[in-house]
Every structure is written in C-alpha cells, then in structure tokens.
Number of protein chains: 2
Amino acid sequence: MLTLYGSLESGNVYKVRLLLAQLDIPHRRIDVDQVRGEPRSEPFLAINPIGKVPALKLDDGRLLSESGAILFYLAQGSAFWPDDGWEQAQVLRWMFFEQYNHEPYIAVNRYLLRFSKNPEAAAERVAANAVKGEQALETMERHLRDHEWFGAERYSLADIALYAYTHVAHEGGFDLAGFPSVMAWLSRARARPGHIGLMQETSAEAVWRLGE
Amino acid sequence: MLTLYGSLESGNVYKVRLLLAQLDIPHRRIDVDQVRGEPRSEPFLAINPIGKVPALKLDDGRLLSESGAILFYLAQGSAFWPDDGWEQAQVLRWMFFEQYNHEPYIAVNRYLLRFSKNPEAAAERVAANAVKGEQALETMERHLRDHEWFGAERYSLADIALYAYTHVAHEGGFDLAGFPSVMAWLSRARARPGHIGLMQETSAEAVWRLGE
C-alpha cells in the first residue's frame, strides 16, 4: 500500500490527497505536522533527508518528493494526465506556474496569517506577497475567460495543483470577488466526481501518527 | 522553425538553449532583454500576455511558457527524458526543486548582485537568499555523494535545469568550494556532447531583435 507523509492542513499534501481520492487509491497517510515542525524532526528526516512533505513511499521503500512529481507519477494512464504531448506540456506549464508564481505568495500568506505565532512581525512580507499573489490570480482570471480548465481541454493535474491553495486564498487575505472566472472554475472543480475538501478524510485513507 | 524568446544572460532561457544545442535543433531566437524590462514591453506582451521568458513558439503559432514545460516538450522521445515512469517522476522532482528551492535564491541573488542598479538596497534580501541558496546546494551535494546525475541513471533534463544557475552561482555570491560533489558534477555536465556555455551562440541559432 502507498504511504503518503503530510498533514491535512497543507495544500501541497492536499493536492496528492485529492488526486488519490479521485483515483480511488487506498493508501496510508502518516501525519507530519508542519506547524509543529515535524518535517524537520529526526524521525521524519530518517525517512526523507530533505525534510519536505508531501512525500510518497512505495511498497518497496522508494521515496518521491515534490507534490508536482508525485501528482505526475500517480496520474500516469489516468484521465488526469492528457495523452497529447502538447497538452501534457501545458499541464506542466501551469504546475510550474503554481509552484513559482502562486504558492510562494498565496500559500505563504495563508501560512503567515493563519499559523505563524507573530503575523505582525511579517507585515512587510505579507504586503509584498499580496501584490505578487494578486498578479498570479490575474493570470489565472485572464486564462479562464476563454478556457474551462488549465492546461488541457478537461480537468487535469493542473486544475488539482491550482485548486489546492486558490480555494483557501481568503485565508491568506486574498479576496476572490474580483476574480469571477476563478470563482466559477473553483465551483466546476468542486463538482468533479470524487472531490474531497481540504480537511475531509476519506475511507480510502488510513491515518497514522509519525513514530507509530 | 521553432522560435525561442529570451536573452543570452538568462539562465532559464539558457536551459532551453542548452537542450536545443544538445538535440541539434535549428531555431530562431528573438532577444528579449530582462535587464531592460523587455518582457513587460508592449511588443512582447502582444506575443506572451504573461510577460515571461523563455517562451517557445511553434510554427503554427502556439506558445508555451515556463522553462520546465518547454524542456519537457522538446525532450520527448530523446535521451534527455527517461523511458521509465519512476525515473521520469524523479527528473520532474528535481526540476520542481530547482524552481522552488534553488532558482528563487541562487538566480535571484545573481540578478540582484550583477544586474540590479542598487544592490546595496537589497542587502537584507540577498543575505536571506544566501541562507536558502546554501541549503539548496547542500541538498544537491548530499544527492551527488552517491549519484552521478539528478533524477535518472544518465544525464537528463534534471541536470540541464540544475546546471543553468548552479554553474554561475558564484555570480550570486555562492562559493562552490564547499560543495566538491557539485563541482565534479558540473564538470561531468560540461563534458556532455553538444554542451554550450551560457553566452555561447550556436550555428543552429539565428538571432533576431524583438520588433524586427
């Protein structure tokens, strides 16, 4: 059985959990709590020396890091990874956009405002991130004015990757009211078969604590 | 003929130029100078509304952004993209690592120290980036202690993606002397057939100015 390391609250972990739910793949999840610093703890560093979640472990012990790479690996042969080479490249284009232009601002502001002990100390950083995060949302809005999905003609890994932190952007202080096409796309994504919410555990998911 | 938009100095553009050289694919390069702000200029925004380089245009006018997605698209069927699904995922894992944990610190400090008009004003940011960039180099060093290449058993897109800004890390104030495995890997990469330097134009490359 596949083992996924990471916590419910993490959007990067949620991307993988959402795909696993939509593929209906049974798996074990070991809870590794970022807010409590568990990814950098000795028990987890013994599993993943780079101290990052999500991480996926195969039955034979091989380990894969980076949410985008894990999504790619799990989606091979499924409807979430297109057959056409050009569409595949466009799906990756949006997954790289998410990691470079979106997550470092939208996810990081969510983390700073919601989980950090002293958000006031980060006020300057939050303000700078807010500008860059708005730009990412504008890029998404512009694309969605004449596309139903990101990357491919149908719902794909690109939508899963972008959904994770966009749907909780308000927790990072972003107001999606100015991005109507983004809001409509979020609704379409939520209506896909097998969709689960960020905090929603599934019957395919057996949860263990790190160290158990 | 393929058209690549971007300047010689950009490491992200160089990744694509290096792959095109190693695949020996003739192409046209339109120079778009980041230091002069040309990616955000009207003539370029008419081509790529998100204002980013590199961008690759096919003969039929279709456009692809994001260096990682362009590398993926061009390398299909070549020796630079492995056949095995697990190795493909590991190649992508290092390409996402490069964009998330490496480029934002090592490439950005190179930009700030070498190209910005007032590097002193960015001293605090440069110092913070230096810490994160060192961490990325440590992750690479640890991997290379018992691997010849990143991601696959042989030289692949992961090595091309990581080579681009690692080999000019000194321009961002990073000293590679403490990373002997990284230095040895850089030498191995430089010895690959068809390798070109960052500022080296090739006979397969016809260079035009934006607006010509």
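Has region A:153-170 got any residue that is part of a helix (DSSP H, G or I), within 12 Å of chain B (Cβ to nearest Cβ), free of Cβ contacts under 8 Å to residues at least 60 places away in the same chain and among the hydrophobic types (A, V, I, L, M, F, W, C)?
No, every residue in region A:153-170 fails to be part of a helix (DSSP H, G or I), within 12 Å of chain B (Cβ to nearest Cβ), free of Cβ contacts under 8 Å to residues at least 60 places away in the same chain and among the hydrophobic types (A, V, I, L, M, F, W, C).
Being crowded, with 24+ Cβ neighbours inside 10 Å and not assigned by TED's automatic domain parsing to the domain that holds A:N12 narrows it down to one of A:L71, A:L92, so name that one.
Unique residue meeting the criteria: A:L92.
Of a type in the set (V, I, T), surrounded by 18 or more Cβ atoms within 10 Å (Cβ to Cβ), closer than 23 Å to A:W185 by Cβ and in the same structural domain as A:Y165 (by TED's automatic domain parsing), is that true of A:V126?
Considered against the rule, which asks whether it is of a type in the set (V, I, T), surrounded by 18 or more Cβ atoms within 10 Å (Cβ to Cβ), closer than 23 Å to A:W185 by Cβ and in the same structural domain as A:Y165 (by TED's automatic domain parsing), A:V126 comes out as no.
Which residue out of B:A158, B:A164 is over 22 Å from B:R29 (Cα atoms) and under 15 Å from the mean Cα position of the chain (by Cα)?
B:A158 is the lone residue from the list that is over 22 Å from B:R29 (Cα atoms) and under 15 Å from the mean Cα position of the chain (by Cα).
I want to confirm something. Restricting to region A:136-152 and keeping residues that are over 17 Å from the mean Cα position of the chain (by Cα) and assigned to a loop (DSSP other than H, G, I, E, B), which single residue is nearest to A:A79 (Cα to Cα)?
Within region A:136-152, the match that is nearest to A:A79 (Cα to Cα) is A:A152.
Is it fair to say B:G133 is in a loop (DSSP other than H, G, I, E, B) and either surrounded by 20 or more Cβ atoms within 10 Å (Cβ to Cβ) or of a type outside the set (S, T, N, Q) (or both)?
When the stated conditions are applied, B:G133 does not pass them.
Got at least one residue in region A:113-127 being among the hydroxyl-bearing types (S, T, Y), more than 25 Å from B:K52 (Cβ to Cβ), assigned to a loop (DSSP other than H, G, I, E, B) and more than 16 Å from the chain's Cα centre (by Cα)?
Yes, region A:113-127 contains at least one residue that is among the hydroxyl-bearing types (S, T, Y), more than 25 Å from B:K52 (Cβ to Cβ), assigned to a loop (DSSP other than H, G, I, E, B) and more than 16 Å from the chain's Cα centre (by Cα).
Here is a check on your reading of the model: is B:V91 farther than 30 Å from A:D60 by Cβ and either more than 9 Å from chain A (Cβ to nearest Cβ) or not basic (K, R) (or both)?
No; evaluated as a whole, the condition is false for this residue.
Looking at (1) within 13 Å of chain A (Cβ to nearest Cβ); (2) under 18 Å from B:G68 (Cα atoms); (3) touching a residue at least 40 places away in the same chain (Cβ under 8 Å); (4) touching a Phe, Trp or Tyr at 6+ places or on another chain (Cβ under 7 Å), find the lone condition where B:G85 falls short.
Every condition holds for B:G85 apart from (3).
In region A:1-80, which helices (runs of 4 or more DSSP H) lie fully inside it and hold 2 or more residues that are at negative phi, at pLDDT 95 or above and within 14 Å of chain B (Cβ to nearest Cβ)? Steps first, please.
Numbers: elements: A:11-23, A:42-45, A:67-75.
It comes to A:11-23, A:67-75.
So, A:E103, is that one in contact (Cβ under 8 Å) with a residue 40 or more places away in the chain, closer than 20 Å to B:T139 by Cβ and not assigned by TED's automatic domain parsing to the domain that holds A:A204 or not? Can you show your working first?
Numbers: in contact (Cβ under 8 Å) with a residue 40 or more places away in the chain: yes; closer than 20 Å to B:T139 by Cβ: yes; not assigned by TED's automatic domain parsing to the domain that holds A:A204: yes.
Criteria met by A:E103.
The values are calculated or read from the model by the stated rules, or taken from the named source; none is laboratory data. All values reported here derive from a predicted model rather than from experimental measurement. Here the Cβ is made from the backbone with ideal geometry for all residues, glycine too, and neighbour counts use every protein chain on show.
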